[in-house]
Amino acid sequence: MSEESGRRNLRMPDENEMFAVVTDMLGGGRVRLQCNDGKERMGRIPGRMRFRTWINEDDVVLIEPWDWQDEKADIEWRYKGQDAAQLRREGHID
């Protein structure tokens, strides 16, 4: 983090990833997502994140939509509150 600006270098999406906001917790490691492309998808919390990273409603996450079912996606990364605020300030998410 630079001292004067307070900006942090965050993980940004690759060509097959995008930002999303968790709108609903469905249970069983599944969440409802509002994605940056305007679509609503069902997200899956992978096992490597399930008990290490707690995901709640209104969290900003990085997702990778499935190739074979566009209405589903895997969650790849969760942004903390201050990181999500920085993404909103910079205009990456609504």
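Annotations
- Put simply, the amide H of residue 66, placed in the peptide plane, has neighbours under 5 Å in 72, 73, 74, leaving out anything fewer than 5 places away on its chain.
- Share of carbon and sulfur in the accessible heavy-atom surface of the chain [1.4 Å probe, %]: 44
- FRET efficiency, 1/(1 + (r/R0)^6) with R0 22 Å, evaluated for residue 25 and residue 87 via beta carbons: 0.55
- Dividing the alpha-carbon radius of gyration of the chain by the rule-of-thumb value 2.2 N^0.38 Å gives 1.08.
- ³J(HN,Hα), Karplus 6.51/-1.76/1.60, whole Hz, each residue of segment 45-54, x for Gly, Pro: 8, x, x, 5, 10, 4, 10, 9, 10, 7
The values are calculated or read from the model by the stated rules, or taken from the named source; none is laboratory data. Fair warning: this is a prediction, and the values are worked out from it, not measured in the lab. When we count neighbours, we look across all protein chains shown, and the Cβ atoms used for this are built from the backbone with ideal geometry, even at glycine. We work out accessible area using only protein heavy atoms, side chains counted, and drop any ligands, DNA or RNA first. Shrake-Rupley method; radii C 1.70, N 1.55, O 1.52, S 1.80 Å.
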